[in-house]
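Trainee: Below is a structure I'd like to ask you about.
Rule-based calculations on the coordinates, nothing more; no lab input. As the structure is a prediction and not an experimental result, all values here were calculated from the model. Virtual Cβ from ideal backbone geometry, glycine too; neighbours counted across all protein chains shown.
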Amino acid sequence: MRYSPLTERLAGHGAGAWSIGDRARRLRAAGRDVIVLTVGDPDQEPPAPLIDATIAALRAGRTGYAPILGHAALREAIAARHARRSGQPCTADNVTVAPGAQGGLFCALLCLAGPGDEVVVLEPTYATYAGVAAAAGARLVPAALDPAHGFHPDPARIAAAITPRTRILWINTPHNPTGAVFTHDEMAAIAELCRRHDLWLLSDEVYEDLAFARPHIGAWSLTDMAERTVVVSSLSKSHAVPAFRLGWIIGPPPLAGHLFRLLLSMTYGSPDFIQAGALAAFAADLDEVASLRADYARRARLVAELLADAPNCRVVPPEGGMFVLLDIRPSGLAAPEFAERLLESEGVAVLACDGFGASAVGHLRIALSVADARLAEAGRRIVRFARGLAAGA
């Protein structure tokens, strides 16, 4: 029996990056002391108002279908938040509720690009992006972020990647996996490229509430860009509820019409009771969100200080997000081998970044997704492993 061409386009796009995490969880289930730092899955408790509102909605019987684009009250709350933060107009007509940021990116890409189109993406690139573009039949074209400059965007490199077939410039800030938080000038330069070449700007801002080196500059705040900007975000990281799969897409009102037809044939809307919980998250600036940001800033400093003692390794201090990048190229091991041997000898699972693009080869991504004491133990184990490698060399 034959399968569709889609299955071939998706094959090999990022799925292998998660295999070490799966193996680490199996080892832990078998009784081994393993610290899993692969997936950005928050360990903190979600805000109580969000959970309480979700439970109340379930008890009230809100288990039926919800509007395809999301409840008007939730869309209005999301729009008000973006208008307040960006200083630019945003209404419910700009908002579509989506199944998480991942689902939002998937839906947006399918509506913005198709077979033969090119999508310029800043690299390192989050592992799922290639599969999303492949599902649309589009081709990702990387514009490398330079490690020597903190993985911040270089407008000249981006411009060099643009061709007559380019349809979208896809960015991610705060950036995964590097933690770079793009500056106002960098965002303005990106906007100018989009205007000059008549491109969509697709901005993944799922870590927007976790910027700690400088304020987050959202794409919706850019002037003269409303007709070509699409922002995707979610509650997953900021409110520690990735299982809710509650995200949103902000874009021009005509995009919502296309997304309606796509979601109608996919999810038929997002769960009613989840939307009730999300609405509570937007009712006020919850203290728990600021606490989460403080947690990740503190944990990033903790890991950076510990790993400064790891020979032949260099920490890339993050400016936001929930990861620390470790450059292990001087160690003499490829990142996948380093990660495998680290898991076997020390019981620490981290993600090799080779699948994130050429500029990420030789780096490891360390998730800040366990409590400080456990994270410190993981840091000590990594240092011990690196010292053993250096001694052996």
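Trainee: Can you compute the modelled spin-label distance between residue 305 and residue 268, with each label point 7 Å from Cα toward Cβ, in nm?
Mentor: Taking the simple label geometry, residue 305 and residue 268 are separated by 5.4 nm.
Trainee: So what J values fall out for the range 141-156 if you push phi through Karplus, 6.51 cos²θ - 1.76 cosθ + 1.60 with θ = phi - 60°, rounded to Hz, Gly and Pro as x?
Mentor: 10, x, 10, 5, 8, 7, x, 5, 10, x, 6, 8, x, 10, x, 5
Trainee: Still on this structure: Rank by packing, highest mean first: peptides 345-352, 149-156, 62-69, with packing defined as the count of other Cβ atoms within 10 Å averaged across residues.
Mentor: Per-residue mean Cβ counts within 10 Å order the peptides as 345-352, 149-156, 62-69.
Trainee: If you count the DSSP beta bridges with both ends in the chain, what percent of them are antiparallel, to the nearest 5?
Mentor: That works out to approximately 50 percent antiparallel.
Trainee: Taking 0.36 nm per residue of sequence separation and subtracting the Cα-Cα distance, how much length would be gained by fully extending the chain between residue 361 and residue 146, in nm to one decimal?
Mentor: Gain in length upon complete extension: 76.2 nm.
Trainee: Using just the helices of the chain, give the 222 nm mean residue ellipticity in deg cm²/dmol: DSSP H runs with n ≥ 4 each add -39,500 (n - 2.57), and the total is spread over all residues, rounded to 500.
Mentor: -13000 deg cm²/dmol
Trainee: Next up: Using 0.36 nm per residue of separation minus the Cα-Cα distance, give me the extension gain between residue 60 and residue 157 in nm, one decimal.
Mentor: Between residue 60 and residue 157, full extension yields an extra 29.5 nm.
Trainee: From the Cα gyration tensor of the range 25-147, with a ≥ b ≥ c the square roots of its eigenvalues, which class applies: rounded if a/c is under 1.5, or else prolate if a/b is larger than b/c, or else oblate?
Mentor: Since a/c reaches 1.5 but b/c is at least a/b, the shape of the range 25-147 is classed as oblate.
Trainee: Please report, in debye to the nearest 20, how large the charge dipole of the chain is about its Cα centre when each Lys and Arg carries +1 at its beta carbon and each Asp and Glu carries -1 there.
Mentor: 680
Trainee: Right, next: Which far-off residues, 5 or more places away or on another chain, put their amide H under 5 Å from the one on residue 238, with H placed in the peptide plane?
Mentor: Residues meeting the amide H criterion: none.
Trainee: Among rounded, prolate and oblate, which fits the range 156-308 when a ≥ b ≥ c are the square roots of the eigenvalues of its C-alpha gyration tensor, a/c under 1.5 means rounded, and a/b larger than b/c means prolate?
Mentor: Oblate, because a/c is 1.5 or more while a/b does not exceed b/c.
Trainee: Also, quick follow-up: With θ set to phi - 60°, apply the Karplus curve 6.51 cos²θ - 1.76 cosθ + 1.60 along the range 360-366 and write out the HN-Hα couplings as whole Hz, x wherever there is a Gly or Pro.
Mentor: Each residue of the range 360-366 in turn: 9, 4, x, 10, 10, 9, 10 Hz.
Trainee: Given points 7 Å out from each Cα along the Cα-Cβ axis, report the residue 33 to residue 73 separation in nanometres with one decimal.
Mentor: In this crude spin-label approximation the distance works out to 5.0 nm.
Trainee: Then there is this: Classify the range 112-170 as rounded, prolate or oblate from the Cα gyration tensor: take a ≥ b ≥ c as the square roots of its eigenvalues, call it rounded if a/c is under 1.5, otherwise prolate when a/b beats b/c and oblate if not.
Mentor: Here the range 112-170 falls in the oblate category.
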